[in-house]
There are 2 protein chains.
Amino acid sequence: MENFTFHNPTRIVFGKGTEDKVGTEVKRHTSKVLLHYGTGSIIKSGLYQKVIDSLSKSGIEYIELPGAMPNPRLSLVQEGIDICKKEKIGFILAVGGGSAIDSAKAIAVGTCYEGNVWDFFDQKAQPVEALGVGVILTIPAAGSEMSNSMVITNEDGWFKRGCTTEIVRPKFAIMNPEITCTLSDYQTVCGIADIMAHVMERYFTNSTNVDFTDRLCEATMRAVIHNALLVLNNPHDYNARAEIMWAGTIAHNDLLSCGRIGDWSSHQIEHELSGIYDVPHGAGLSVVFPAWMKYVYRHDVTRFAQFAVRVFGVDYSFASPEVTALEGIGRLKQFFKSIGLPVSLKELDIQDDRLEEMAQKCKIVNKQEGTIGNFVKLNQQDILNILKSAL
Amino acid sequence: MENFTFHNPTRIVFGKGTEDKVGTEVKRHTSKVLLHYGTGSIIKSGLYQKVIDSLSKSGIEYIELPGAMPNPRLSLVQEGIDICKKEKIGFILAVGGGSAIDSAKAIAVGTCYEGNVWDFFDQKAQPVEALGVGVILTIPAAGSEMSNSMVITNEDGWFKRGCTTEIVRPKFAIMNPEITCTLSDYQTVCGIADIMAHVMERYFTNSTNVDFTDRLCEATMRAVIHNALLVLNNPHDYNARAEIMWAGTIAHNDLLSCGRIGDWSSHQIEHELSGIYDVPHGAGLSVVFPAWMKYVYRHDVTRFAQFAVRVFGVDYSFASPEVTALEGIGRLKQFFKSIGLPVSLKELDIQDDRLEEMAQKCKIVNKQEGTIGNFVKLNQQDILNILKSAL
C-alpha cells in the first residue's frame, strides 16, 4: 500500500427534495453567486424555478450564465471569468452534470488568475486560489461534485484537457435522485460507463497489497451493474437511481484511490475522441476501456482474473487464469452492450482517418515522457494500436 | 434509502513515517497545544520523542497531559479542561488510541462550556463550540480519529456514556501502520472486534434499498477478517496492519451509514460491561454481538442470511434461509474465537450477579423511550435476556 493523504471536505446533502436547501447551503458562503447551468433542461423540468425560489428566500443575489454543454468549452469559461471579475462574484453555483460543474470549477480558478486560464490545462501553471463552488447535481456520471479535477475543451485545436487541484473540490453538493429519473436511457448509461471507468482506472494498478480498496472498488462496480439493470427496467425506480447517484460520487471522490496509483490511459485516449468528435464521454469510454484491457491484460493476468471473479462472478479457472481474465473483459463488454452502449468506434460513426492524429495528440498530454498511463505506459504506437483494435 | 448529509473534513495523512509531519499539521491550526496521551507506551516506543522533535521543529509550544487509559475517565477530562482554560490553549493533540482521542474531544468541548462537561453525556446539553483536535493514531479500533463521537466513563456510578456532535471531528489524523506492529495480539484482536462491530451496527438496519452501502460494509468486513488472520500469523506484516488500520477508520467515519439507520444496541449493552468491569471494549463486543444477533435474527432472516453468504461465504440454503442466517452468526463467533477473543461473559470473569443492574442502567441511556436499538427496540427484559444468554 502506498502512503497517501485523503482530505475531502465537500458537504453532501442527499435525497428527496434536497434542492430546496440550496439557498441555505449557499448562504453559508456568500450572498451573491454566478448561477451556471446548461442548455435549458433544468427550466423545462422545473428545477430552475425551485433553485431561484430557494436562493431568493435566502436573500441570495444571482447572475446567470447558461450554456454549459457536454465537453464544456473554454470560451464559455472565459465568459464566466469576465462576469465574475466585473461583478465581483465570489461563489459559483453549478446546476447540472459534470460539464456545468467542470466549467464552474474552471471559472473559479480562472477568476483568481491574471493569466489565461488555459495555462492550468496546458501544464504551464498550477492554480493557487479559487472561488468557492457549490453544486446541484442532475446527472450521475462525472463525479465532479466531490472531486478535485475538471476537464475543459479548447476549441482552438479541439484539445480536451484536465487539471487536478485540491482547491476546486466543491463546498457542497446537493443530490436528489428524483431529478435523475427523467434522464434518457442513453444519458443514464453514458453516466454508468463513466462511473464504471472511474473505478476501473483506479482498480488496474501496480500498487501491491491493496486488498481493502480493491474490495471497495469491487463493491462499487457490483452495485452499479446491479442497479443499472433495475433503472433501465424502470427509469422511475428512485432507489436504483439513488444507488447509482451515490456510487457515482464515491467512484471519483478519491476514497477508492487511497494507497494506490491509478492508470487513466483510457480516459486520456477517450478525451481525444470526444475532443474531436464531440461524442458523449461515457460512450467513448465504453469503446476504449475494453480495447485497452485487451491490449494490456497480460501485464497482470491475476488482477484481471480477480476482476472477472469478484465483479462479474466468473468461475475461476485454476488451470488457466488467462481464460478467466479474458472472460472478465468479455463480460464487461457484454454488460456495456446489454445496456445500449457502443463498444466499437464504428458505432460512434468514427472511421480510421484520424486515428494517427489522435494518438499523436494524446501522447503529448504528458509532455516530458511522451507516454500515458501507469499500469502500463503507452507510447504513441500503443495508443494507435488500441484505437485500431476498437474500430 | 434514507435522505442523508455526509460531511467529513478530517484530513488523513497515512503511511510510513508520517508521524514526522505532525509539527507541520499542527502548525496549520495553532502554535500551542495540549499534548494528550496514555500511560507511557509511546515513550517506550520512541514515538513520544519523534512527536516532540517534530513539534519543536515547527515552533509549537506544548503542555502535556498524560494518563489517558482505556474507558477514559471524566476526572482526567476535567483536568484537561482546567489546563486548557488556565493556559489559554486552543488545540489538543491526542497521541494514542480511542481513549486518548475521546478524552481529547471531551476536553475540547468542555473547555468551551461554562457548565459541567458531563452534561453533554447525560443529555442535559448539546455542545456548540469546541477546540480543534488533531490525532496521531496508535491503535486501530475505535475509529475516533475521523468520527463525530466520543465515549467517556464517569467514575461516580461508573456510567459509560457517549456524545455525538459534528464539531468534534478531528482536524487531521496521522496514521502510520508501522506504529501498530508492536501492539500485543490481544490489543490487536480487541481492535478488530470493535471495527467489525462498527460495521455490523450499521449493517443491521431496517432501512430498505441500501444495496451500495451494504456492499461497502461487506467489503470492509471481508477485508478485516482476511487481514486479521495475516496479522496474527505475522504481527510485523505492514500491509495487513495498514489494511486493518484504514478499514478501522472507514468503519466509523459515517461513510457506511449514508442512507441507513444503524442499530447500536450491542455497543450500549457493552458499555455497561466495560463501565462496571473495565474490560476492553472490543472483548465486551465479541461477547455481546453474537448474543444480540441470536436474540434478534428472526426480525429479518433475509438480512442475516445475506450477512452469512456475503461476509462469510456461507452456501445459501434456498430451502431454509434461517439455517443460513444461523450459520452466519456461528461463523462470526468462530472467527472471534479463532483470533483469541472471548465469546462468553464467563471468559471475561463476569458472573450473573450484576446483570439486572446493567440491564437497568442500560435501558435509561434513552431516557424518553426506555429502550435501546433501532433494528429491534430492546427493553430492560430484552437486555437482561441477551446478557443471560451470553453467560
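Just so it is clear, none of the values below were taken in a lab; they were calculated from the coordinates. Keep in mind that what you see is a predicted model, and the values were worked out from it rather than measured. Glycine gets a Cβ as well: all are built from the backbone with ideal geometry, and neighbour counts include every protein chain shown.
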So the label point sits 7 Å from Cα along the Cα-to-Cβ vector; using that for B:Gly157, what distances do you get to the other copies, in nanometres, sorted shortest first?
7.3
Might you report the magnitude of the Cβ-based charge dipole of the protein assembly as shown about its Cα centre, with Lys and Arg at +1 and Asp and Glu at -1, to the nearest 20 debye?
360
Would you grab the residues whose amide H sits under 5 Å from the one on A:Asp237? Only those 5+ places off in sequence or on another chain, please, with H modelled 1.01 Å from N.
none
Sequence-distant residues sharing a close amide H with B:Tyr62 (under 5 Å, placed H):
B:Val33
Taking H placed 1.01 Å from N in the peptide plane, check which residues at least 5 places from B:Arg11 or on another chain put their amide H under 5 Å from its amide H.
B:Phe172, B:Ala173
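Please figure out what share of the DSSP beta bridges in the protein assembly as shown is antiparallel and state it in percent, rounded to the nearest 5.
Details: 20 of 68 bridges.
Just about 30 percent of them are antiparallel.
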Mind checking which of B:Ile107, B:Val13, B:Asn385 is farthest towards the positive end of the protein assembly as shown's charge dipole, using Cβ charges of +1 (Lys, Arg) and -1 (Asp, Glu) about the Cα centre?
B:Ile107
Give the aspartates and glutamates whose C-alpha is closer than 14 Å to that of A:Lys361, dropping any in the same chain fewer than 8 places away, or say none.
A:Asp122, A:Asp156, A:Glu270, A:Glu272, A:Glu369, A:Asp382
GNM top mover of B:Asp156, B:Asp300, B:Asp315 - chain B, alpha-carbon springs below 10 Å:
B:Asp156
Residue (of B:Ala240, B:Gly330, B:Gly275) at the positive-pole extreme of the range B:234-391, dipole from beta-carbon charges:
B:Gly330
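Can you give the charge dipole size of chain A about its Cα centre, rounded to the nearest 20 debye, using +1 on the beta carbon of Lys and Arg and -1 on the beta carbon of Asp and Glu?
Details: 38 positive and 45 negative charges, 123 e Å.
Charge dipole of chain A: 600 debye, to the nearest 20.
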If you restrict to DSSP beta bridges whose two residues both lie in the range B:11-178, what percentage is antiparallel, to the nearest 5?
20
Of all C-alpha pairs within the range A:11-178, those more than 20 angstrom apart amount in percent to 44
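How would B:His7, B:His252, A:His271, B:His236 line up from fewest to most surrounding beta-carbon atoms within 10 angstrom? All intermediate terms of the calculation are to be shown ahead of the outcome.
Working: B:His7 15, B:His252 27, A:His271 24, B:His236 10.
The order, fewest Cβ neighbours first, is B:His236, B:His7, A:His271, B:His252.
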State, to one decimal in nm and shortest first, how far the label point of A:Lys86 sits from each corresponding label point in the other identical copies (label point: 7 angstrom along Cα-to-Cβ).
6.2
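Listed here are the pairs B:Lys32/B:Lys124; B:Lys333/B:Lys388; A:Lys27/A:Lys105; A:Lys16/B:Lys377; which of them are more than 22 Å apart at the Cα?
Those over the limit are B:Lys32/B:Lys124; A:Lys16/B:Lys377.
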Angstrom value of the Kirkwood radius, inverse mean 1/r, which spans all Cα pairs in the protein assembly as shown:
27.5
Label-zone membership for the range A:110-137, site B:Thr5, 7 angstrom Cα→C-beta point, backbone N under 17 Å
A:134-136
